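Visitor: First, the structure itself, so that you have it in front of you.
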Amino acid sequence: MHRRFRLSRALALAGAMAVGLTAVTAEAHGIWFAQRAKQLALIYGIGADDLDMVKRLPQVEKIEAYDADYQPIKAAARVAGPIVLVDSDAQPTVVAAVMPYGTWSRVGTGEFEKKTLQEMPNATVSTHNIKYAVAIVGQLSKPLPALPGQVVQIVPAGPIPATLGTPLKYVVLYNGKPVAGAKVVNDMVNDPDAKEVETGADGSVTLPVRNQGLNVIRAVYVGPSDQPKLYKQVEHTATLAFTLPHAPE
Amino acid sequence: MKKLATALCCLAALGLSAPTLAHGFTKPQHGGVVMMNGETLFELVAQPAGVSLYMIDEDDPVNAAGMTAKLSVTAGGKRSDVAMVAMKGNQFFAKGLKLPKGANVGVQVTNKATGARYGTTFIIK
């Protein structure tokens with residue numbers, strides 16, 4: 001477990017968030033799907049840091065695949081050397097994963113430690129982190145719905161365009177409903193430090209599709225605690241990955 | 001066309017060559033429809049007796065006998081998974097299968113030895 005937690009620069013602003021929490025974004029890393037040697041892999045990291053997913057695999061709670069009608073297809077993770085591949089029983093249109101990432105607390109601006117409020121009762125920040133990933137890996141025949149288990153999910157509000165630079169509207173869902181105040185980065189792999197854009201009242205942001213290749217959009221939403229004795233907030237980090245094909249050769 | 005020929009002549013005169021294409025076949029070889037996934041070509045051919053799938057990995061036809069292939073046909077709110085039979089060379093065949101217009105067809109080919117999966121999706125027009 002790395003400890004490179006990002007210090008929040010927006011502690012004061014976060015207090016004004018709709019959930020009424022002192023919302024601190026503690027961890028910018030995420031999970032996403034990408035192709036490795038033609039196989040579908042589950043990645044943990046940020047930017048060019050393609051980190052050790054194998055050791056984190058026990059934390060993965062769900063890996064799911066869906067057909068063109070978004071009906072489930074049996075899927076499972078498979079360790080292949082240093083990477084984690086996803087095998088499904090049939091060719092999927094969409095794949096998804098959920099990885100709870102523990103409870104982290106700190107006092108003031110100190111280091112985060114993997115402790116709950118019970119273990120660190122004087123913590124000023126105590127956050128439970130959950131990572132989500134959805135990837136569109138086949139041609140969509142109908143709009144992408146809210147998927148089971150994806151508490152926070154990014155969905156495209158229109159068809160995926162053919163070329164980079166084309167604006168695409170995304171809606172960030174929280175428990176299946178559009179949510180305002182989610183912080184979105186257009187490309188967490190190639191531009192992870194870009195200024196985050198917050199979703200508006202309708203839960204949407206519109207961004208130009210950045211890459212004629214893999215696109216990994218990240219949304220972070222800090223929601224209320226479901227276990228206030230253990231942590232003060234839940235930080236949901238969701239990704240949506242899709243690929244624009246390059247020109248025919 | 002004239003411009004392209006002139007450009008190629010100029011490149012040749014400068015001792016340069018046109019860029020080499022990274023991949024091999026990208027066009028149908030059997031009159032079907034093609035989807036590329038990276039350097040892998042999938043060609044789906046609807047025939048009166050059924051549906052054929054041909055797979056070429058870069059320039060190399062795969063050995064169908066070393067693979068299993070499955071088509072997942074989603075149409076009318078229902079998905080049917082159809083196992084294909086390996087034929088000669090790089091051909092797989094699903095006898096009697098019809099692909100309705102508008103169907104979303106997932107193709108999955110699995111290497112029997114390594115478990116590696118290759119796939120794409122077609123939308124039938």
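Visitor: Can you tell me which residue in the stretch A:192-210 is surrounded by the most Cβ atoms within 10 Å (Cβ to Cβ), limited to those that are more than 21 Å from A:PRO224 (Cβ to Cβ) and polar (S, T, N, Q)?
Guide: In this case the residue turns out to be A:SER204.
Visitor: In the stretch B:76-103, which residue that is of a type outside the set (Ser, Thr, Tyr) and under 23 Å from A:ALA76 (Cβ atoms) is farthest from the other protein chains (Cβ to nearest Cβ)?
Guide: So, considering only residues that are of a type outside the set (Ser, Thr, Tyr) and under 23 Å from A:ALA76 (Cβ atoms), the one farthest from the other protein chains (Cβ to nearest Cβ) is B:MET84.
Visitor: Further question: Could you give me the residue pairs with C-beta distances under 8 Å whose first residue belongs to the stretch A:67-92 and is under 21 Å from B:ASN37 (Cβ atoms) and touching a residue at least 40 places away in the same chain (Cβ under 8 Å), whose second residue is crowded, with 17+ Cβ neighbours inside 10 Å and of a type in the set (Asp, Glu) wherever it lies, and which are 6+ apart or on separate chains?
Guide: Pairs found: A:PRO92/A:ASP67.
Visitor: Just need a number here: residues in the stretch A:124-144 that are of a type in the set (S, T, N, Q), assigned to a loop (DSSP other than H, G, I, E, B) and out of contact with any Ser or Thr (no Cβ under 6 Å at 6 or more places or on another chain).
Guide: Residues flagged as of a type in the set (S, T, N, Q), assigned to a loop (DSSP other than H, G, I, E, B) and out of contact with any Ser or Thr (no Cβ under 6 Å at 6 or more places or on another chain) within the stretch A:124-144 amount to 2.
Visitor: Residues that are under 30 Å from B:PRO28 (Cα atoms) and among the aliphatic types (A, V, I, L, M): does the stretch A:231-244 have at least one?
Guide: yes
Visitor: Which of the residues that make up the stretch A:56-77 are of a type outside the set (Asp, Glu), surrounded by fewer than 19 Cβ atoms within 10 Å (Cβ to Cβ) and within 21 Å of the chain's Cα centre (by Cα)?
Guide: Result: A:ARG56, A:LEU57, A:PRO58, A:GLN59, A:LYS62, A:TYR70, A:PRO72, A:ALA76, A:ALA77.
Visitor: To continue, here is another question. From the list A:VAL189, A:VAL234, exactly one residue is more than 22 Å from A:VAL94 (Cα to Cα) and either surrounded by fewer than 17 Cβ atoms within 10 Å (Cβ to Cβ) or of a type outside the set (S, T, N, Q) (or both). Which is it?
Guide: That would be A:VAL234, the only listed residue that is more than 22 Å from A:VAL94 (Cα to Cα) and either surrounded by fewer than 17 Cβ atoms within 10 Å (Cβ to Cβ) or of a type outside the set (S, T, N, Q) (or both).
A quick yes/no check of all residues on (1) modelled with pLDDT under 95; (2) surrounded by 15 or more Cβ atoms within 10 Å (Cβ to Cβ):
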site: A:LEU85; (1), (2): no, yes
site: A:SER88; (1), (2): no, yes
site: A:THR93; (1), (2): no, yes
site: A:THR103; (1), (2): no, yes
site: A:GLY108; (1), (2): yes, no
site: A:PHE112; (1), (2): yes, yes
site: A:THR116; (1), (2): no, yes
site: A:MET120; (1), (2): no, yes
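Visitor: Take A:VAL205 and tell me if it is within 18 Å of the chain's Cα centre (by Cα) and in a strand (DSSP E or B).
Guide: yes
Visitor: Are any residues in the stretch B:41-73 on the phi < 0 side of the Ramachandran plot, small (Gly, Ala, Ser) and either touching a Gly at 6+ places or on another chain (Cβ under 6 Å) or part of a strand (DSSP E or B) (or both), and if so, which ones?
Guide: Of everything in the stretch B:41-73, those that are on the phi < 0 side of the Ramachandran plot, small (Gly, Ala, Ser) and either touching a Gly at 6+ places or on another chain (Cβ under 6 Å) or part of a strand (DSSP E or B) (or both) turn out to be B:ALA46, B:SER52, B:ALA69, B:SER72.
Visitor: Within the stretch A:26-48, can you find the residues that are outside any strand (DSSP E or B), surrounded by fewer than 24 Cβ atoms within 10 Å (Cβ to Cβ) and of a type outside the set (Asp, Glu)?
Guide: A:ALA28, A:HIS29, A:ALA37, A:LYS38, A:GLY47, A:ALA48
Visitor: If you go through the stretch A:132-144 one residue at a time, how many are surrounded by 13 or more Cβ atoms within 10 Å (Cβ to Cβ) and either at pLDDT below 95 or within 14 Å of another protein chain (Cβ to nearest Cβ) (or both)?
Guide: Total satisfying the criteria: 8.
Visitor: Would you mind stating whether A:ALA37 is within 14 Å of another protein chain (Cβ to nearest Cβ) and closer than 18 Å to A:LYS131 by Cβ?
Guide: Considered against the rule, which asks whether it is within 14 Å of another protein chain (Cβ to nearest Cβ) and closer than 18 Å to A:LYS131 by Cβ, A:ALA37 comes out as no.
Listed here are the residues, each with its yes/no results for (1) surrounded by fewer than 21 Cβ atoms within 10 Å (Cβ to Cβ); (2) farther than 14 Å from B:ASN37 by Cβ; (3) in contact with a Lys or Arg (Cβ under 6 Å, 6 or more places away or on another chain).
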position	(1), (2), (3)
B:ALA83	yes, yes, yes
B:MET87	yes, yes, no
B:GLY96	yes, yes, no
B:PRO100	yes, yes, no
B:VAL107	no, no, no
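Visitor: I want to confirm something. Restricting to the stretch B:42-73 and keeping residues that are closer than 14 Å to B:TYR118 by Cα and modelled with pLDDT under 95, which single residue is nearest to the other protein chains (Cβ to nearest Cβ)?
Guide: B:ASP57
Visitor: Quick one: in the stretch B:32-62, of everything that is of a type in the set (D, E, K, R) and closer than 13 Å to A:LYS38 by Cβ, which residue is surrounded by the fewest Cβ atoms within 10 Å (Cβ to Cβ)?
Guide: Ranking the qualifying residues of the stretch B:32-62, first place goes to B:GLU58.
Visitor: Taking the stretch A:180-207 only, how many residues are among the β-branched types (Val, Ile, Thr) and touching a residue at least 60 places away in the same chain (Cβ under 8 Å)?
Guide: Residues flagged as among the β-branched types (Val, Ile, Thr) and touching a residue at least 60 places away in the same chain (Cβ under 8 Å) within the stretch A:180-207 amount to 1.
Visitor: Within the stretch A:64-89, how many residues turn out to be more than 14 Å from every other protein chain (Cβ to nearest Cβ) and not in a loop (DSSP other than H, G, I, E, B)?
Guide: Of the residues in the stretch A:64-89, 1 are more than 14 Å from every other protein chain (Cβ to nearest Cβ) and not in a loop (DSSP other than H, G, I, E, B).
Visitor: So, one more: Which of the residues that make up the stretch A:145-171 are crowded, with 22+ Cβ neighbours inside 10 Å and outside any strand (DSSP E or B)?
Guide: If the condition is that a residue be crowded, with 22+ Cβ neighbours inside 10 Å and outside any strand (DSSP E or B), then A:GLN150 is the only one that fits.
The values are calculated or read from the model by the stated rules, or taken from the named source; none is laboratory data. Values in this document were obtained by computation on a predicted structure and should not be read as measured data. Don't worry about glycine lacking a Cβ; one is built from the backbone with ideal geometry, like all the others, and counts go over all protein chains shown.
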